[in-house]
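Have a look at the structure below, then the notes.
The values are calculated or read from the model by the stated rules, or taken from the named source; none is laboratory data. The structure displayed is predicted, hence computed values, not measured ones. All Cβ positions, even for glycine, are placed from backbone atoms using ideal geometry, and neighbour counts span all protein chains on display.
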Amino acid sequence: MKRITIAMLSLCALLLALPASAQGLKPSAAALAADPKASDNSVPNGYSKPASEIRAVYENLDPSLFIYRPYYVGENKYFYYVDDETKNYLDNSYFGYMMKAQEEYGVRIKPIASFVNNIPGQGDRVVPYGEHAMHAGFAEAMADQGNTWPLNHYLHACSILNYSTEASASSGASATMRDIPNDDGSTIKLVESDDDRLARNRRMRSAAHRKLVENAPFGLLDFMAEDIYARYEKQIAKGTFILFYFWEYRELVSLMEGSLELNSGDANAQQYKTLLQKHRNRLADMDIKSLDLYRENGAKAKEAAGQMKMADIPKAGMSDASLEAKFKALAMKSQALSQGVDIKKVIIRDAGWNYDRNELGVITARYKGAYLIYSYNGKIMMKDMSFKQPATGGGSFGDWQFRGIGTETRTITDWK
């Protein structure tokens, strides 16, 4: 996928001088010893504050909200934008979220219940997917409000939070504090419940929103909105990622409204009002069509994913007419298929054996997988199933039984 970036133009001429939000803050001795950038007083490209000042803010963020601290210890850095490595990691997290939403939004929405382990700095604990980019984006907006990258990363964090919140509402499920068992009998610790995590990220968002309203130049907000709207317009015909662009644009309009209200006596207030009205009009139009287009695109993607050609039908692992007849009969008797189907073909997937084992590792059954091709409601479908022979002791196995059904059903569009 083509990487999405904000044009890294020099905005110095556009931006107003900002108050020093980190005035008086200095990096700690521990940060200076662990992080060479903590003593770097140069301003990175795309930022308005020196690297040292941004890190000083990171050390002084509210610990009840920004819980992955200190930023310089171990791999806590993956919850902050501190170098190219973490920037790439966090940007990829956001783009991954966009891809997940593109595939699932309006079709089936589950990411709020998804957790990942083996993540940097978390040992045997698991963290909800998207947590890294949200924490990092809101932290950076607290540290620097005057140029494109911090605002861009803040918008990424807002979009992930929007998606997570809507997913939570749609799924109606939330996780609780618990031990999650591993296959080997050990457990991994859940960092927190979804509800706790979402509530905390909403508070982080509110704090970062206030900082941006107070300090981000109106010209910067307008510049970002124009850039995002241009990309939104290009993507409308494709129907891809437009919901995320809508969310980012909506957040920028909200920031502009707050900024104008706070600076209503500014000499440029009337010009800002005119710009804001233009963005409000655009937003109203985006609001009407974005979600419907997104859902329509998601439904099309799901339909396309469920289709295949005859050339894509898997090759048989083995051919055995007697076994194929057994599997056909067991499939019909199992009620795993709807009534009225006509099984056209059974393809035995496995040449060898697969085994079910109990918790002691003792074989309880052997099984083979198969694909069943059948007609239903005028369409030719393919579904995967498996059939087993229970172990009877002494290396012997009993009669064939239905074992289970796969989760994927595909339509063969050119069946002859």
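Report, by residue number, each residue of the range 371-411 that is part of a loop (DSSP other than H, G, I, E, B) and buried (at least 17 other Cβ atoms within 10 Å of the Cβ). Trp400, the sole residue that qualifies. Filtered by the rule that a residue be surrounded by fewer than 19 Cβ atoms within 10 Å (Cβ to Cβ), among the hydrophobic types (A, V, I, L, M, F, W, C), at pLDDT below 90 and not in a loop (DSSP other than H, G, I, E, B), the range 227-248 gives a lone residue, Ile236. Condition check: outside any strand (DSSP E or B) and without any contact (Cβ under 8 Å) to a residue 24 or more places away in the chain. Does Asp414 satisfy that? No, not satisfied. Any chance you could count how many residues in the range 21-58 are surrounded by fewer than 18 Cβ atoms within 10 Å (Cβ to Cβ) and among the acidic types (Asp, Glu)? Final tally of qualifying residues: 1.
Conditions tested, residue by residue: (1) farther than 17 Å from Met134 by Cα; (2) of a type in the set (S, T, N, Q); (3) modelled with pLDDT under 95.
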site: Asn45; (1), (2), (3): yes, yes, yes
site: Tyr58; (1), (2), (3): no, no, no
site: Ser64; (1), (2), (3): no, yes, yes
site: Tyr71; (1), (2), (3): no, no, yes
site: Phe79; (1), (2), (3): no, no, yes
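Taking the criterion of being part of a helix (DSSP H, G or I), surrounded by 19 or more Cβ atoms within 10 Å (Cβ to Cβ) and either modelled with pLDDT of 85 or more or not assigned by TED's automatic domain parsing to the domain that holds Asp342 (or both), would at least one residue in the range 295-309 satisfy it? Within the range 295-309, one or more residues are part of a helix (DSSP H, G or I), surrounded by 19 or more Cβ atoms within 10 Å (Cβ to Cβ) and either modelled with pLDDT of 85 or more or not assigned by TED's automatic domain parsing to the domain that holds Asp342 (or both). Taken over the range 199-226, the criterion of being surrounded by fewer than 20 Cβ atoms within 10 Å (Cβ to Cβ) and of a type in the set (A, V, I, L, M) is satisfied by Ala199, Ala207. Just the residues that are of a type outside the set (A, V, I, L, M), surrounded by 13 or more Cβ atoms within 10 Å (Cβ to Cβ) and not in a loop (DSSP other than H, G, I, E, B), please, taken from the range 314-347. Hits for the range 314-347 are Glu324, Lys326, Phe327, Lys328, Ser334, Lys344, Lys345.
No other residue among Ile348, Ile363, Ile343, Ile373 is more than 38 Å from the chain's Cα centre (by Cα), closer than 23 Å to Ile412 by Cα and in the same structural domain as Met385 (by TED's automatic domain parsing) apart from Ile343.
Comparison of Gly258, Gly219, Gly172 shows that the only residue that is modelled with pLDDT under 85 and out of contact with any Cys (no Cβ under 8 Å at 6 or more places or on another chain) is Gly172.
Residues that are buried (at least 19 other Cβ atoms within 10 Å of the Cβ) and either farther than 15 Å from Asp227 by Cβ or of a type in the set (D, E, K, R) (or both) within the range 251-274 comprise Glu251, Ser259, Leu260, Tyr272, listed in sequence order. Residues in the range 62-73 that are closer than 16 Å to Ala30 by Cα and aliphatic (A, V, I, L, M): Val73 only.
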